[in-house]
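Notes to accompany the following structure.
The numbers here are math on the coordinates, done by the rules we state, and not lab data. Source: prediction; values computed, not measured. FYI the Cβ positions are ideal-geometry reconstructions off the backbone, even for glycines, and counts take in every protein chain you see.
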Amino acid sequence: MTTQIDSKISLSELRQRFQQGQLLSVEQRQGFWHARFVGPLWLRLSGMPSCYLSGLWGWQGKKFTAENAATNVLKRGDHTIDALHMKVTETVSKIDSKPVITLSYPAPSPIPWRWVTDELRVIDDHTLLGMTRLHLPILRYFTIPFLLEKKPS
């Protein structure tokens, strides 16, 4: 299964694709997944500045380190570092009430990350669609999409 997602896809199309996505298996939860911002131009252009302002400057993607653990990967000069470790759980999506993998940050994480949850679904063999949700009044109804892509082996 291979289904390319255009960076310029609309928010409504992203939501539809997310609802059609599959649950991420334990086998798929391995290794590094490179990040790509998607959606309307304003959202793609604000992606990296938002990461910078929230402490994730140089964000490259996410790495699954165990069945129930992941970390963000940040570029620092000519190398990368792991930052802001996350708990990986299978739960019910707050977006559409279907099974989903969530990445959540522990309570002592810096602001705003302690209030953030990423929901992930499989789009194709090498693509995950993520929806970031902030657990704050009003903002909890808005999701920020991103792709995680794995290079074919």
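Below are the figures for this structure:
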| read-out | value |
| --- | --- |
| 10 Å Cβ shell holding at most 16 others, DSSP loop, chymotrypsin sites (Phe, Trp or Tyr not before Pro): longest site-free stretch of the chain | 58-141 |
| Most mobile of Ser104, Ser12, Ser93 in a GNM of the chain (Cα contacts under 10 Å) | Ser12 |
| Phi to ³J(HN,Hα) by Karplus 6.51 cos²θ - 1.76 cosθ + 1.60 over segment 114-131, Hz, x for Gly, Pro | 5, 9, 10, 10, 9, 9, 10, 9, 7, 9, 8, 4, 10, 9, 10, 9, x, 10 |
| Test item: Cα-centred dipole of segment 18-153, Lys/Arg +1 and Asp/Glu -1 on Cβ, debye | 300 |
| Cleavage-rule hits, GluC sites (Glu not before Pro), segment 1-69, DSSP coil, Cβ neighbours within 10 Å at most 16 | Glu27, Glu67 |
| Loop trypsin sites (Lys or Arg not before Pro), segment 1-102, which have at most 11 other Cβ atoms in a 10 Å radius of their Cβ (DSSP) | Lys8 |
